[in-house]
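Working notes, structure below.
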Amino acid sequence: MVGLSSVNAASDGKWTVTQISCHADLVTDLDFSPFDDYLLATCSADETVKLWRVCDPDQDQCSNAEVTLSPADGRLEVVLFHPAASGLLAVASVRGLQVWDVTRDAALTVLEQHEDQLQGLAWKEDGSLLASSCKDKKLRLFDLRAQPSAVQCVQGHQANRDSRVLWVKDDSLLTTGFNQMRQQEVRLWDSRKLSSSLSSLSLATSNATLMPLFDPDSGLLIVSGNGESVIDCFEVNSSEPFLSQVSHCLTDLSTRGVALVPKLALDVSCCEVLRLLQLTDNFIVPISYQVPRKAGQDFHADLYPDTVGHTLAMTAEDWWKGENKQVERVSLHPSKRPKPATPSAQETKPKDLPHGKSKEEASSSSSPLSTPSSSAAPSRSPSSTSGLSSGFLPSPSQSSRAIHSMLGPSSKFRHIQGTVLHRDTHITNLRGLHLTTPGECDGFCANGERVAVPLAIAGGQIAVFELSQPGKLPDTALPTIQNSVNVADFCWDPFDTHKLVVAGDDAKIRVWQIPKGGLMETLTEPECVLRGHTEKIYSIKFHPHASSLLASSSYDLTVRLWSLETGEEVKRLSGHQDQIFGMAWSPDGKLLATVCKDGKVRLYDPRKSTLPIQEGPGPEGHRGARVVWVCDGKYLLVSGFDSRSERQLYLFSAESLASGSVASVPADVSPSTLIPFYDLDTSVLILTGKGDTRVYTYEIVPEAPYFMECSSFHSSEPHKGLCFLPKTECDVRDVEVARAVRLGKTTIEPVAFRVPRVKKEFFQDDVFPETAVWWEASLTAAAWLSGSNGQHRKISLRPKDMMPVSEAPKEAPVRKYLPSSVYLEEKTDEQKKEELLSAMVAKLGNREDPLPQSSYEGVDEDEWDD
């Protein structure tokens, strides 16, 4: 079956969806004719291609196909109209590729078989060449009229998973697929020389097949993964950078398909340059991309070059004889558009197929489309932020039936930029890193002075590097901490930069003391060993206020509190039914939150009860989760997975866990859990996963919309993770709001997160409030256990020589335009002449001033003599 609906709503504001029974088996692909909106081609697993003369959705559809083609090549996968000639179709089976003239009973040409499953197919804009991507990792280029075999064949993406191919600007090809690291990848090629790609861009680590769409007029590329809730927009350039990100749009629902609305259907009055239709499980949702200009006044010709029209360039016979022509272009100016033709289904016969309704009918509708089983679709508000600016920004539609604002409330951190600092600050030549630490472990840990990294060496060894001593590490063996068993989790004491606590597979916790000046020799004896758990430990967390107080979770389904001063267990919490994924202390240190594999989020008050005081539903997925307190301890943020194993962020009210999450936002599809870092001063949440190349950033607010997405940071290679340093490490003069260290495959790199500001000479006190000195204990473990509570003192980060921006002198506003009275005032010809002369004189300057050469030192006459 094929469902059919119009782009525009009917006069009553609703859409009609009709169905056509097309084939005896699954419909695998379909394509509308570029010259006739009423001509639809479908192919199927029943090994046939059919052409349908469809009617408007509110009319009865024809039950019989006008043309049926039988390539006799097995299950058909792709059908594609020729972009310039009438009645030509490229038809692909699992490995075969044929070109058909629909007025004939046999294929025009049968191309050489592919060595494996054909995955992508694309015509060049003039129809002279055909490109294909294949499971054998090869990218092929066919000149169908010259030879049946490929004229060029090169290695494409390194993984044999699903790939796609598109023609983009001029002679360039764009492919999407996967690299060896299972990351989604976009590559740009020059079709004249396919020996190597011009550029490549790695996206998220995901199993989702990328679906690319390209608009040749604006040069915008849309990329969305099947099953993901993210739609990325890039600008394709002819020179470096070949691909620059324009926007990153988060959608409410997972994408099942995407399509572009033809340019002639865009609303040019509100500067709409692109409209995307997102297919979800139950809805078709329009997403409009607009350039922020004054709408409804002038036609912005710079945004709308002439676009491909609906008049065919040549016949199939002319094309087969060797002609190459492009379709005539038409203007998008409302007054210059050709008048639309009226279709007549009765007059159209198979041999006259390239006639029918034109695409010139403009549309400004932008509302969700209801399915036959749903009379009305709920409105949606995808969160969209711009990435690297290239002139195009997504904007909400301004029509009467516009979807909700795509941008919503904006964050002052929305343009936050992550930057890897200079190579002089890197620690390089790391060897033998342990890349498979347990999911509950962050992978490595750092404080303001040093970083600890697990090594893939027997005995659970850990290397410790001083951040003050960057550079290339020697090839020889380094001194390490020999933990004697595999490392499950480890962390630095927040109040002692020399104390490292390590949990092992043997259910023991070892406390190590790093000598002043760093690790000079291998340590084999811990300062003390904590014993009590009966099974392997999941994770450990220090108390945020009390010194020497540690919490640990274990496979024995308990959480235990330890005093490092006495080396004894002081509390034992129970109530978990399955693996404990993560735990977090509240900012005031009174409560402890946990998230568990049994799908529950629990809240403990350890000093009052060993059982949870609150319990509520958590993430549906069971692959892993993390929890962190946000918004001054009023909410709990949990990063986990939904029932489809897609990464999600959930927000819970700490006062009412039982009522479920108050908000959630999808991330992407990836096997690794997002590890959150929350900055108490700015309410900025930064997340990334092990093996990811992308770092997500949000501002969390205690009211709707709760999540305000900010710019993401992308790294060129997958990282082990990020670890954040104390706020005092930030360069406030450069408006650096967070400093982290990033662990790569062989390097440790500092990463600065900065907020772009104009008046950097002033201290930006709106993003740098007084910060808590969390690296100093406010009370002892014994005092906390007896019922006392501590509070960190706060300090200002403002340098003494900087004035707060809030106290900066106000600049007098400069009037950009003269008042209307100046323009309306009548002037005499003499006044106008006088003004013109004054302006000319002002431009020329004072003619009585001496010329510059008059001030030059001359040369004595004697010096001219030889």
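The values are calculated or read from the model by the stated rules, or taken from the named source; none is laboratory data. Predicted model, so just to flag it, every value in this text is computed and none were measured. A quick note on method: Cβ atoms are made from the backbone with ideal geometry, for glycine too, and the neighbour counts reach across all protein chains shown. Heavy atoms of the whole protein, side chains included, go into the accessibility calculation; ligands, DNA and RNA do not. Shrake-Rupley method; radii C 1.70, N 1.55, O 1.52, S 1.80 Å.
Read through the list (1) open to solvent by 10 Å² or more (accessible area, probe 1.4 Å); (2) in a strand (DSSP E or B), then give the number of the only condition that Met181 fails.
Evaluating Met181 over (1) open to solvent by 10 Å² or more (accessible area, probe 1.4 Å); (2) in a strand (DSSP E or B) leaves (2) as the failure.
Among Leu76, Leu111, Leu121, which is the only one that is farther than 19 Å from Ser149 by Cα and either surrounded by fewer than 21 Cβ atoms within 10 Å (Cβ to Cβ) or modelled with pLDDT of 90 or more (or both)?
None of the others qualify; the one that does is Leu76.
Take the conditions surrounded by fewer than 20 Cβ atoms within 10 Å (Cβ to Cβ) and either touching a residue at least 24 places away in the same chain (Cβ under 8 Å) or assigned to a strand (DSSP E or B) (or both) and apply them to Arg607. Does it pass?
Yes, satisfied.
Looking at (1) within 21 Å of Pro71 (Cα to Cα); (2) in contact with a strand residue (DSSP E or B) (Cβ under 8 Å, 6 or more places away or on another chain); (3) open to solvent by 60 Å² or more (accessible area, probe 1.4 Å), which is the only condition Arg164 fails?
Evaluating Arg164 over (1) within 21 Å of Pro71 (Cα to Cα); (2) in contact with a strand residue (DSSP E or B) (Cβ under 8 Å, 6 or more places away or on another chain); (3) open to solvent by 60 Å² or more (accessible area, probe 1.4 Å) leaves (1) as the failure.
Six or more apart or on different chains, Cβ atoms under 8 Å: show the pairs whose first residue is in segment 675-697 and at positive phi and open to solvent by 10 Å² or more (accessible area, probe 1.4 Å) and whose second is assigned to a strand (DSSP E or B) and aliphatic (A, V, I, L, M).
Ser683/Val630; Ser683/Ile700
Of the conditions (1) open to solvent by 60 Å² or more (accessible area, probe 1.4 Å); (2) under 25 Å from Leu30 (Cα atoms); (3) out of contact with any Lys or Arg (no Cβ under 9 Å at 6 or more places or on another chain), Leu253 clears all except one; give me its number.
Only one criterion is unmet by Leu253, namely (3).
Based on this model, can you work out whether Gly616 counts as in a loop (DSSP other than H, G, I, E, B), buried (at least 17 other Cβ atoms within 10 Å of the Cβ) and either touching a Phe, Trp or Tyr at 6+ places or on another chain (Cβ under 7 Å) or not polar (S, T, N, Q) (or both)?
So Gly616 fails the test.
Given (1) modelled with pLDDT of 95 or more; (2) open to solvent by 10 Å² or more (accessible area, probe 1.4 Å), identify the lone condition not met by Leu561.
Condition not satisfied by Leu561: (2).
Name the pairs: first residue in segment 165-183 and touching a residue at least 60 places away in the same chain (Cβ under 8 Å) and of a type in the set (Gly, Ala, Ser), second residue open to solvent by less than 40 Å² (accessible area, probe 1.4 Å) and assigned to a loop (DSSP other than H, G, I, E, B), Cβ to Cβ under 9 Å, at least 6 apart or on different chains?
Ser172/Ser191; Ser172/Phe242
Please identify the pairs in which a residue from segment 717-735 that is at positive phi and free of Cβ contacts under 8 Å to residues at least 60 places away in the same chain has its Cβ atom under 9 Å from the Cβ atom of a residue that is open to solvent by 20 Å² or more (accessible area, probe 1.4 Å) and outside any loop (DSSP other than H, G, I, E, B), counting only partners at least 6 apart or on another chain.
If the second residue must be open to solvent by 20 Å² or more (accessible area, probe 1.4 Å) and outside any loop (DSSP other than H, G, I, E, B), the pairs left are Val735/Arg754.
I want to confirm something. Restricting to segment 791-807 and keeping residues that are in a strand (DSSP E or B) and free of Cβ contacts under 8 Å to residues at least 40 places away in the same chain, which single residue is most open to solvent (accessible area, probe 1.4 Å)?
The extreme case among them is Lys794.
Quick check on this structure: which one of Leu188, Leu203 is in contact with a strand residue (DSSP E or B) (Cβ under 8 Å, 6 or more places away or on another chain), modelled with pLDDT of 90 or more and assigned to a strand (DSSP E or B)?
Selected residue: Leu188, the only one of Leu188, Leu203 that is in contact with a strand residue (DSSP E or B) (Cβ under 8 Å, 6 or more places away or on another chain), modelled with pLDDT of 90 or more and assigned to a strand (DSSP E or B).
Only one of Phe465, Phe413 is in a strand (DSSP E or B) and touching a residue at least 12 places away in the same chain (Cβ under 8 Å); which?
Within the list Phe465, Phe413, the selection yields Phe465.
State which residue is nearest to Met802 (Cα to Cα) when the search covers only segment 751-781 and only residues that are open to solvent by less than 20 Å² (accessible area, probe 1.4 Å) and assigned to a strand (DSSP E or B).
Of everything passing the filter in segment 751-781, Phe763 is nearest to Met802 (Cα to Cα).
Please state which one of Thr476, Thr419, Thr437 is at pLDDT 90 or above and either under 30 Å from Tyr698 (Cα atoms) or assigned to a loop (DSSP other than H, G, I, E, B) (or both).
When all the criteria are applied, what remains is Thr419.
Look at Trp784 and say whether it is under 27 Å from Trp492 (Cα atoms), aromatic (Phe, Trp, Tyr) and not in a loop (DSSP other than H, G, I, E, B).
Yes: the conditions hold for Trp784.
Looking only at segment 124-161, which residues are buried (at least 20 other Cβ atoms within 10 Å of the Cβ) and among the polar types (S, T, N, Q)?
The answer is Ser132, Ser133.
Please go through segment 655-664 and pick out each residue that is surrounded by fewer than 20 Cβ atoms within 10 Å (Cβ to Cβ) and part of a strand (DSSP E or B).
Answer for segment 655-664, where residues must be surrounded by fewer than 20 Cβ atoms within 10 Å (Cβ to Cβ) and part of a strand (DSSP E or B): Val662, Ala663, Ser664.
Every residue, every condition in (1) in contact with a Leu (Cβ under 7 Å, 6 or more places away or on another chain); (2) farther than 30 Å from Val453 by Cα, yes or no:
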position: Tyr706; (1), (2): yes, yes
position: Cys723; (1), (2): no, no
position: Asp731; (1), (2): no, no
position: Arg739; (1), (2): yes, no
position: Asp766; (1), (2): no, yes
position: Trp774; (1), (2): no, no
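Report yes if Lys541 is outside any loop (DSSP other than H, G, I, E, B), free of Cβ contacts under 8 Å to residues at least 60 places away in the same chain, open to solvent by 60 Å² or more (accessible area, probe 1.4 Å) and among the charged types (D, E, K, R), otherwise no.
So Lys541 fits the description; yes.
Can you name the strands (runs of 3 or more DSSP E) wholly within segment 15-99 that have at least 1 residues being closer than 24 Å to Trp320 by Cα and under 35 Å from the mean Cα position of the chain (by Cα)?
Filter on segment 15-99 gives 27-33, 36-44, 76-81, 88-93.
Give the residues of segment 79-105 that are without any contact (Cβ under 8 Å) to a residue 40 or more places away in the chain and open to solvent by 10 Å² or more (accessible area, probe 1.4 Å), sorted by residue number.
Val94, Arg95, Gln98, Arg104, Asp105 - these are the residues of segment 79-105 that are without any contact (Cβ under 8 Å) to a residue 40 or more places away in the chain and open to solvent by 10 Å² or more (accessible area, probe 1.4 Å).
Which residues, taken from segment 452-509, are among the polar types (S, T, N, Q), more than 37 Å from the chain's Cα centre (by Cα) and within 23 Å of Thr428 (Cα to Cα)?
Thr476, Thr480, Gln482 - these are the residues of segment 452-509 that are among the polar types (S, T, N, Q), more than 37 Å from the chain's Cα centre (by Cα) and within 23 Å of Thr428 (Cα to Cα).
Do we have Val570 as assigned to a strand (DSSP E or B), open to solvent by 20 Å² or more (accessible area, probe 1.4 Å) and among the aliphatic types (A, V, I, L, M) here?
yes
Where residues in segment 206-239 are part of a loop (DSSP other than H, G, I, E, B) and open to solvent by less than 20 Å² (accessible area, probe 1.4 Å), which of them is nearest to Thr307 (Cα to Cα)?
Only one residue fits best here, namely Ser218.
Can you give me the number of residues within segment 700-720 that are of a type outside the set (Phe, Trp, Tyr) and over 16 Å from the mean Cα position of the chain (by Cα)?
Final tally of qualifying residues: 8.
Consider segment 27-45. How many of its residues are touching a Lys or Arg at 6+ places or on another chain (Cβ under 9 Å) and either open to solvent by 40 Å² or more (accessible area, probe 1.4 Å) or of a type in the set (Val, Ile, Thr) (or both)?
3
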